[in-house]
Amino acid sequence: MSLMNVFDVTKTGLVAQTSRLNLIAENIANADVESSTPEGAYRAQYPMFRAFFNEEQISAQGQGVRYEGPVDDTRAPRALFDPGNPKANAEGYVFMSNVNTVEEMSNMMSASRSYQTNVEVMNTAKQLLMRTLTLGQV
Amino acid sequence: MNWVDSALNGHATALSLRSQRSEIIAGNITNADTPNFKSRDIDFRSEFENRLSGMQQLDTTTKSQFRSSEGASSSNLMYRVPYVMAEDGNTVEAETEQAAYTKNAIQYQVSIQFLSSKISGLKLALKGE
């Protein structure tokens, strides 16, 4: 029954979007972390997604999505001139994270929309299955 | 074809094909954020006609085998052409997919409705009230 597979497929989407939301939360939480070296500055992380066929599906036709771990944002951390900061280096600079909060917020909206769409798909599949169960009952 | 099959008039085939299509479209929606993912779909009409003609040709013994392998025999999956190409090579357009999924769900319910009427008609005929 392919409708059952809809649950297996969309479930992977929910899991992937949740990991994406987790990364976004982590990025926003660390947006203001300062460091005395450019290497030590916090770097934003982005999720890597890949399409795959779920082994649980008997007749795999719809592809699920797999979260393949985070990748670092390669942009250079922002150097801020702040000699009074206890973490400032010899030249008086501190290095801020390269997290762009606006970008993260729009990412968050995209992730939550994708999550909602997946839930919606699941709900519709559930309704169809419930109607199928009552087939032939008067 | 036995009389029950002919009475149900292909609606059962339509139902299984619709549920298969819903799985494919659900996969597309799930992969809306996957780079380089290509949106796929089946041509319902040609797939439906294939199945119906395949069922008529086969005799009863092979028909059961055909049915059991029905899901596994991968149907003609085609690529959907997007209106706008995304930068990351993803061809899923959420709106298109959602529309297709909803349409497919409604058509599934239509098949269910038809089947229900058929079944209650058969019941009435069997009771002979």
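The values are calculated or read from the model by the stated rules, or taken from the named source; none is laboratory data. Predicted, not measured: the structure shown is a model, and the values here were computed from it. Counting neighbours? That spans all protein chains shown, and the Cβs are built from the backbone with ideal geometry, glycine included.
Every listed requirement among (1) in contact with a helix residue (DSSP H, G or I) (Cβ under 7 Å, 6 or more places away or on another chain); (2) more than 8 Å from chain A (Cβ to nearest Cβ); (3) among the hydrophobic types (A, V, I, L, M, F, W, C) is met by B:VAL4 save one, (1). The number of residues in the range B:24-44 that are free of Cβ contacts under 8 Å to residues at least 40 places away in the same chain and within 23 Å of A:GLU68 (Cβ to Cβ) comes to 2. Checking the stated criteria, B:SER22 turns out to be of a type in the set (S, T, N, Q), touching a Leu at 6+ places or on another chain (Cβ under 9 Å) and over 14 Å from B:ARG80 (Cα atoms). Here B:ARG67 fulfils each of the conditions (1) buried (at least 16 other Cβ atoms within 10 Å of the Cβ); (2) modelled with pLDDT under 85; (3) assigned to a helix (DSSP H, G or I); (4) within 14 Å of chain A (Cβ to nearest Cβ) apart from (1). Among the residues of the range B:110-128, those identified as surrounded by fewer than 16 Cβ atoms within 10 Å (Cβ to Cβ) and under 13 Å from A:THR134 (Cα atoms) are B:GLN113, B:SER117, B:SER120. Any chance the range A:100-110 includes a residue that's over 30 Å from A:ASP8 (Cα atoms), of a type in the set (A, V, I, L, M) and free of Cβ contacts under 8 Å to residues at least 40 places away in the same chain? Checked against the condition, which is being over 30 Å from A:ASP8 (Cα atoms), of a type in the set (A, V, I, L, M) and free of Cβ contacts under 8 Å to residues at least 40 places away in the same chain, the range A:100-110 yields at least one hit. If you go through the range B:94-109 and pick out every residue that is among the charged types (D, E, K, R) and surrounded by fewer than 18 Cβ atoms within 10 Å (Cβ to Cβ), you end up with 2. Counting just the residues of the range A:93-137 that are in a loop (DSSP other than H, G, I, E, B) and among the hydroxyl-bearing types (Ser, Thr, Tyr), which one comes out nearest to the other protein chains (Cβ to nearest Cβ)? In this case the residue turns out to be A:THR134. Close contacts from the range A:120-138, counting a first residue that is without any contact (Cβ under 8 Å) to a residue 12 or more places away in the chain and on the phi < 0 side of the Ramachandran plot and a second that is in a helix (DSSP H, G or I) and exposed (fewer than 15 other Cβ atoms within 10 Å of the Cβ), with Cβ to Cβ under 6 Å and a gap of 6+ residues or different chains, come to A:VAL138/B:SER120. Answer yes or no as to whether A:TYR93 is within 11 Å of the chain's Cα centre (by Cα) and either buried (at least 17 other Cβ atoms within 10 Å of the Cβ) or on the phi > 0 side of the Ramachandran plot (or both). Spelling it out, it is not the case that A:TYR93 is within 11 Å of the chain's Cα centre (by Cα) and either buried (at least 17 other Cβ atoms within 10 Å of the Cβ) or on the phi > 0 side of the Ramachandran plot (or both).
Look at (1) under 25 Å from B:ASN31 (Cα atoms); (2) in contact with a helix residue (DSSP H, G or I) (Cβ under 9 Å, 6 or more places away or on another chain); (3) of a type outside the set (Ser, Thr, Tyr) and you find that A:VAL99 fails only one, number (1). Could you list, in sequence order, all residues of the range B:72-112 that are farther than 30 Å from A:GLY136 by Cα, among the small types (Gly, Ala, Ser) and without any contact (Cβ under 8 Å) to a residue 12 or more places away in the chain? B:ALA86, the sole residue that qualifies. Every condition in (1) part of a helix (DSSP H, G or I); (2) facing chain A (nearest Cβ under 10 Å); (3) surrounded by fewer than 18 Cβ atoms within 10 Å (Cβ to Cβ) holds for B:ASN28 except the one numbered (3).
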